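The structure appears below as structure tokens.
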Amino acid sequence: MRRTPVLRAAVGGRPVSLKLEHLQVAGVFKIRGAVNSLLVAGEGAARPEGVVTASGGNHGVGVATAARWLGIPATVFVPGTVPEAKARRIAAQGPDIVKTGSVYADAERAAREFAARHGRYYVHAYDDPAVVAGQGTVGLEIVEDIADCDVVAVPVGGGGLLAGVSGAVASADRRSRRVVAVEPAGCPTLHAAAAAGEPVEVGADSVAASALGASRIGDLAFAAYQANPVTLALVSDEQILAARDRLWEEFRLAVEPAAATVFAAWLAGQVPGANPCLVLSGANADWTPA
């Protein structure tokens, strides 16, 4: 893994730190959880003969990369709507790619059936304790690198990053740190679960859906939301795209829409704190600055 850097800056006179996780191997934080899951699967036994996963794009890049590093054959199921930029990066790592259905949930069902039928190890994109623990290392690095950080904002789809980071910053030391869970208005998995009192199915219609398009929040993420100090934030597609473009204009940081959600929430005043840190989660998208 790369220990990704932190950029401390000010925008409009307000201090903010940016965790540049889009500079991670494979262009996204997902590699952390993918590697951890495959390493855990091989503890005390032979490594899996094959690994299967389902992904809207980024998790697939992470699992395919981790499997290549460890010499494990991989099969990645993706929906037919997967962006070409993400499909291209998955393919570059050498796995078998299966396109099926139109949304992440379709790919997940097919992947689980395939893994069960062929006896392959299945890596869930976000509802796997080893995956969550891997993502939590982002939070541990933030705590070590920014001693005065009092709030961490993360983008949320299925919630693996939220579960890992909220647990990590809560247990790292005795300081009180709040986590802000930021979702696109068109993919409000955690907002819907909070309103219903349990994870429920939602739609996925957003410019960030290829990364944050889970149909429901993960059980581990919902448990983390209930157990840790987590605040919810919601941003529109217009805010997301404006934030993405501003990250380029202000800092020459080229991130994908999912990563820009946290900056959008911060610009809108939805991320409190005197010294907040925003996790820029990935950059697996092709786009032209406005």
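The values are calculated or read from the model by the stated rules, or taken from the named source; none is laboratory data. Quantities reported herein were computed from a predicted structural model and do not represent experimental measurements. Here the Cβ positions follow ideal geometry from the backbone for every residue, glycine too, while neighbour counts run over all protein chains shown. What goes into the accessible areas is simple: the full protein's heavy atoms, side chains included, and nothing from ligands, DNA or RNA. Shrake-Rupley method; radii C 1.70, N 1.55, O 1.52, S 1.80 Å.
Which residues make up the longest stretch of the chain clear of GluC sites (Glu not before Pro) that lie in a DSSP loop with no more than 16 other Cβ atoms within 10 Å, not counting the sites?
It runs 50-200.
Is segment 170-253 best put as rounded, prolate or oblate by its Cα gyration tensor, with a ≥ b ≥ c the root eigenvalues, rounded for a/c under 1.5, and otherwise prolate when a/b is larger than b/c, oblate when not?
It is oblate, given that a/c is not under 1.5 and a/b is not larger than b/c.
Hey, can you find the accessible area per residue of the chain for me, probe 1.4 Å, expressed in square angstrom?
38 Å²
Assuming a ≥ b ≥ c are the square roots of the Cα gyration tensor eigenvalues, decide whether segment 202-290 counts as rounded (a/c under 1.5), prolate (otherwise, with a/b larger than b/c) or oblate.
Oblate shape, in that a/c is at least 1.5 and b/c is the bigger or equal ratio.
For segment 1-154, what is the relative contact order in percent, using Cα pairs closer than 8 Å and at least 6 residues apart in sequence?
Reported relative contact order: 24 percent.
Would you mind telling me the share, in percent, of accessible area of the chain contributed by carbon and sulfur at probe 1.4 angstrom?
Carbon-and-sulfur percentage of accessible area, whole number: 51.
In deg cm²/dmol, rounded to 500, what helix-only [θ] at 222 nm does the chain give when every DSSP H run of at least 4 residues adds -39500 (n - 2.57) and the total is split over its residues?
Numbers: 11 runs with 124 residues, N = 290.
Calculated at 222 nm, the ellipticity per residue is -13000 deg cm²/dmol.
Using the C-alpha gyration tensor of segment 39-190, what are the square roots of 5 times its eigenvalues, in whole angstrom, with the largest one first? Show your work: numbers first, answer last.
On the way: eigenvalues 171, 74, 34 Å².
Values for segment 39-190, descending: 29, 19, 13 Å.
Determine ³J(HN,Hα), in whole Hz, for all residues of segment 96-113 in sequence, where each value follows from phi through the Karplus function 6.51 cos²θ - 1.76 cosθ + 1.60 and θ = phi - 60°; x replaces Gly and Pro.
6, 10, 10, 8, 8, x, 10, 9, 4, 4, 5, 5, 5, 4, 5, 5, 5, 4
Once you have the Kirkwood Rh of segment 112-213 from its Cα pairs, apply Stokes-Einstein at 37 °C and 0.692 mPa s and quote D in µm²/s.
Numbers: Rh = 15.0 Å.
D = 219 µm²/s.
Among 166, 195, 207, which residue has its Cα furthest toward the positive end of the charge dipole of segment 155-247, with +1 on Lys/Arg Cβ and -1 on Asp/Glu Cβ?
Result: 166.
Taking Cα extents along the principal axes in Å straight from the coordinates, which label in (i) 65, 64, 33; (ii) 56, 42, 38; (iii) 63, 47, 38 is the correct one?
Structure-derived value, by its label: (ii).
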